[in-house]
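Visitor: Structure in structure tokens, see below.
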Amino acid sequence: MNSTQRPYFPTILGAAHLVILYIFIQTVVDFPLAIWDYYHGTEYLSNPIKKIALSLGSILFILYFAYRKAQTKLGILFPIKRFNLLIFIPVLTFLAAAHVFLGEINKKIDQVFPPPPWFWELFERIFENDYGFLGAFLKVAIVAPIVEELIFRGVIMHGFMRNYPKIIAILVSALFFALFHLNPWQFPATFLLGLLLGWVMVITRNILACIIGHSINNILVLLSIEYWDEISQFSFFLLEKEEQLMVSYLVAGLSLVLIGLLATVARKQTQPTT
């Protein structure tokens, strides 16, 4: 970061304040409701009107706060530059492969640090909805990617890419993204997703690409939960575990190479000719 000029918003410290502020807004409402529900047998915490009002209100406040602090145009804070749509093919294959070896990592974490029963209850509630699969899809595959990408690959990466080397911007934004979920058992998956989406932002400079990539990941998770009995019958999942891991590592590696190649080709096409 150039010490002779005022740093762009947010710096690492500013991003930490932003994430803590967002979590605080959520907690200051959710925690009292959770206590009330626990002792009175009510369900105010899961009330859909409360969820919508709190989520929308806190998101708009955080984005407006960040916009005022950044002192820049929306098109710069949330860039939408042209990019190669083919990038979503290797993004999909990487995420599908990553889910296989991340599953093994999560199993080892669970053995050392088993999650308590209340954690699984909270996790299952994420995918529960009065409107069934469609409601879960809306919440997990549309709302969450838009909200989280506007904050992490939009606001936070805006400052990071201008204040720090790109690799630092990607690593630290991914760390904040993983910590933001307040879920140690989900940390490897969210950190890896944050790394991928940070890279996507660097090479595409398009917030929509990050939102779509995030949505692809969440759709894969949702489908694996809703239709695991059917998915587990695919020939790939009938292989020995070592063979599954070998294939997943190979596919993930090739996918990253393809993403890099597509980014290189796109960069050359946009360079002015002499």
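Each value in this text was obtained by applying a stated rule to the coordinates, not by laboratory testing. Not measured: the values here are computed from a predicted model. Methodologically, a virtual Cβ is constructed for each residue, glycine included, from the backbone with ideal geometry; neighbour enumeration extends over all protein chains shown.
Visitor: Under the rule a/c < 1.5 gives rounded, and otherwise a/b versus b/c splits prolate from oblate, where does the chain land using the Cα gyration tensor?
Guide: Taking the square roots of the gyration eigenvalues as a ≥ b ≥ c, the chain is oblate.
Visitor: Say we join alpha carbon atoms closer than 10 Å with springs in a Gaussian network model of the chain; which of Phe31, Phe137, Phe160 then has the biggest fluctuation?
Guide: Phe31
Visitor: Could you work out how far apart the two model spin labels at Glu243 and Thr264 are, taking each label as a point 7 Å from the Cα in the direction of the beta carbon, and quote it in nm?
Guide: About 3.3 nm, to one decimal.
Visitor: When the Karplus curve 6.51 cos²θ - 1.76 cosθ + 1.60 is applied with θ = phi - 60°, which whole-Hz ³J(HN,Hα) does each residue of the stretch 18-31 get, with x for Gly and Pro?
Guide: 3J(HN,Hα) across the stretch 18-31, in whole Hz: 5, 5, 5, 4, 4, 5, 4, 4, 5, 5, 5, 9, 5, 5.
Visitor: Along the positive direction of the dipole of the stretch 74-270 (beta-carbon charges: Lys, Arg +1; Asp, Glu -1; about the Cα centre), which of Asn218, Phe191, Phe160 reaches farthest?
Guide: The residue sitting most towards the positive pole is Phe160.
Visitor: May I pose another question? Going by how many other beta carbons lie within 10 Å of each one, how would you line up Lys108, Lys69, fewest first?
Guide: Lys108, Lys69
Visitor: When a/c reaches 1.5 or more, the comparison of a/b and b/c decides; with that in mind, is the stretch 103-253 rounded, prolate or oblate per its Cα gyration tensor?
Guide: prolate
Visitor: Still on this structure: Suppose the chain between Trp36 and Val257 were pulled fully straight at 0.36 nm per residue; how much longer would it get relative to their current alpha carbon spacing?
Guide: 74.4 nm
Visitor: To the nearest 20 debye, what is the magnitude of the charge dipole of the chain about its Cα centre, counting +1 on the Cβ of each Lys and Arg and -1 on the Cβ of each Asp and Glu?
Guide: Using only the charged Cβ atoms, the result is roughly 1840 debye.
Visitor: Longest exposed-loop-site-free stretch of the chain, with GluC sites (Glu not before Pro), DSSP loop and at most 15 other Cβ within 10 Å? It would help to have the intermediate numbers written out before the result.
Guide: On the way: sites that count: Glu43, Glu128, Glu240.
No qualifying site falls inside 129-239, the longest such stretch.
Visitor: Ranked by Cβ crowding within 10 angstrom, fewest neighbours first, how are Met157, Met246 ordered?
Guide: By the 10 Å Cβ count, ascending, the order reads Met246, Met157.
Visitor: Quick check: residue separation of Arg68 and Tyr227 times 0.36 nm, minus the Cα distance between them. What number comes out in nm? Intermediate values should be presented prior to the final figure.
Guide: Values: separation 159, 0.36 × 159 = 57.24 nm, distance 4.38 nm.
In short, 52.9 nm is gained.
Visitor: Order by neighbour count: His181, His17, His40, fewest other Cβ atoms within 10 Å first, most last.
Guide: Placing the least packed residue first, the sequence is His40, His17, His181.
Visitor: Quick one: among Tyr67, Tyr39, Tyr22, which has the greatest mean-square fluctuation in a GNM of the chain with alpha-carbon springs under 10 angstrom?
Guide: Tyr39
Visitor: Along the Cα→Cβ direction, 7 angstrom out, place labels at Glu43 and Leu92. What is the inter-label distance in nm?
Guide: Label at Glu43, label at Leu92, 3.6 nm between them.
Visitor: Around Ala169, what is the net charge, scoring Lys/Arg as +1 and Asp/Glu as -1 over all other residues with Cβ under 11 Å from its Cβ?
Guide: +3
Visitor: Something else: With the chain treated as a Gaussian network of Cα nodes joined by springs under 10 Å, which of Phe78, Phe236, Phe187 yields the largest mean-square fluctuation?
Guide: Phe236
Visitor: Let me ask another. Under the Karplus relation 6.51 cos²θ - 1.76 cosθ + 1.60, θ = phi - 60°, what is the ordered set of whole-Hz ³J(HN,Hα) values for the stretch 87-99, x standing for Gly and Pro?
Guide: Here the 3J(HN,Hα) series is 4, 6, 5, x, 4, 4, 5, 5, 5, 4, 5, 4, 4 Hz.
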